[in-house]
1. Can you pull out the residues in region 68-95 that are closer than 17 Å to SER123 by Cβ and either charged (D, E, K, R) or at pLDDT 95 or above (or both)?
2. What number of residues within region 121-131 satisfy the criterion of being part of a helix (DSSP H, G or I) and within 19 Å of MET29 (Cβ to Cβ)?
3. Might you check whether a residue that is under 25 Å from LEU61 (Cβ atoms), open to solvent by less than 30 Å² (accessible area, probe 1.4 Å) and at pLDDT 85 or above occurs anywhere in region 107-121?
4. Going residue by residue through region 50-71, is there one that turns out to be among the charged types (D, E, K, R) and buried (at least 18 other Cβ atoms within 10 Å of the Cβ)?
5. Can you pull out every residue in region 80-94 that is surrounded by 13 or more Cβ atoms within 10 Å (Cβ to Cβ) and either without any contact (Cβ under 8 Å) to a residue 24 or more places away in the chain or within 12 Å of the ligand (Cβ to nearest atom) (or both)?
6. Select from region 101-120 the residues that are over 18 Å from GLY20 (Cβ atoms), within 18 Å of the chain's Cα centre (by Cα) and assigned to a helix (DSSP H, G or I) and list them in ascending order.
7. Taking the options ASP98, ASP143, name whichever one is modelled with pLDDT under 90 and either over 20 Å from PHE73 (Cβ atoms) or open to solvent by 70 Å² or more (accessible area, probe 1.4 Å) (or both).
8. Just for region 146-185: of the residues that are within 13 Å of the ligand (Cβ to nearest atom) and not in a loop (DSSP other than H, G, I, E, B), which one is modelled with the lowest pLDDT?
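The values are calculated or read from the model by the stated rules, or taken from the named source; none is laboratory data. The structure presented is a predicted model; accordingly, all values stated were derived computationally and were not measured. For neighbour counting, all protein chains shown are included, and Cβ atoms are generated from backbone atoms with ideal geometry for every residue, glycine included. To get the accessible areas, we keep the full protein, side chains included, count just its heavy atoms, and leave off ligands, DNA and RNA. Shrake-Rupley method; radii C 1.70, N 1.55, O 1.52, S 1.80 Å.
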Amino acid sequence: MAKKFVRAIFPGSFDPITNGHLDVVTRGMKLFDELVIAVGRSPIKNQLFTPEERVEMIAELIKGMPGVSVESFEGLTVEYAARKKADVILRGLRSLTDVQYEFQLAMTNRAVAGIETIFIMTSEQYGFTSSTLIREIASLGGDLSNLLPKTVHERLKQRLKKDGFTAQGSQSSIRSVSEDAILNT
Ligand code: ADP
């Protein structure tokens with residue numbers, strides 16, 4: 001029997017993309033024939049980088065990764081998945097807190113659109129890496145070289161220098177609202 005072609009989307013904010021996200025991508029690309037990293041244009045979240053900047057940074061990092069692409073999208077993740085004719089949604093898991101949230105999200109997406117979600121567990125060294133934490137550490141001048149790709153680290157430093165982004169500003173982007181379960185993630 002011929003092997004089925006499997007297309008996955010990996011939706012998220014990626015503000016900015018971290019080594020943890022990239023770890024999920026490099027392991028995901030071994031499982032799927034095509035993997036589309038989908039940067040959500042959420043109207044709800046307070047964002048550090050524009051969707052265009054996030055796509056640009058990711059595009060640079062995935063050069064040479066076969067079957068992997070990146071684009072941004074607006075609106076419901078499940079509608080985007082249907083437009084892309086995706087077979088599955090890929091998400092990453094770091095902790096039990098993630099499991100609770102992601103479980104709800106996956107159940108909702110399956111209930112409304114019949115699409116399955118596949119999870120990849122983070123490598124131990126990235127278990128505590130989140131874009132939110134990174135924005136906070138960066139705003140306080142902490143060293144992020146182990147957690148971010150070099151190019152992203154450089155852009156983040158430039159952005160902080162230019163805008164003086166504060167820890168308080170980044171607080172507002174912490175995931176707390178259930179709208180995220182429906183919109184753009
Ligand atoms: P969202 O706002 O949709 O959670 P994120 O960019 O924060 O967007 O995360 C996108 C996906 O990547 C989520 O499934 C998240 O759990 C996963 N993820 C984030 N950081 C890591 C990490 N360090 N290791 C594994 N998965 C991660």
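1. LEU90, ARG91, GLY92, LEU93, ARG94
2. Matching residues across region 121-131 total 1.
3. Scanning region 107-121 turns up at least one residue that is under 25 Å from LEU61 (Cβ atoms), open to solvent by less than 30 Å² (accessible area, probe 1.4 Å) and at pLDDT 85 or above.
4. Yes, region 50-71 has at least one match.
5. ILE89, LEU90, ARG91, GLY92, LEU93, ARG94
6. Selection gives PHE103, GLN104, ALA106, ASN109.
7. The conditions single out ASP143.
8. Result: SER178.
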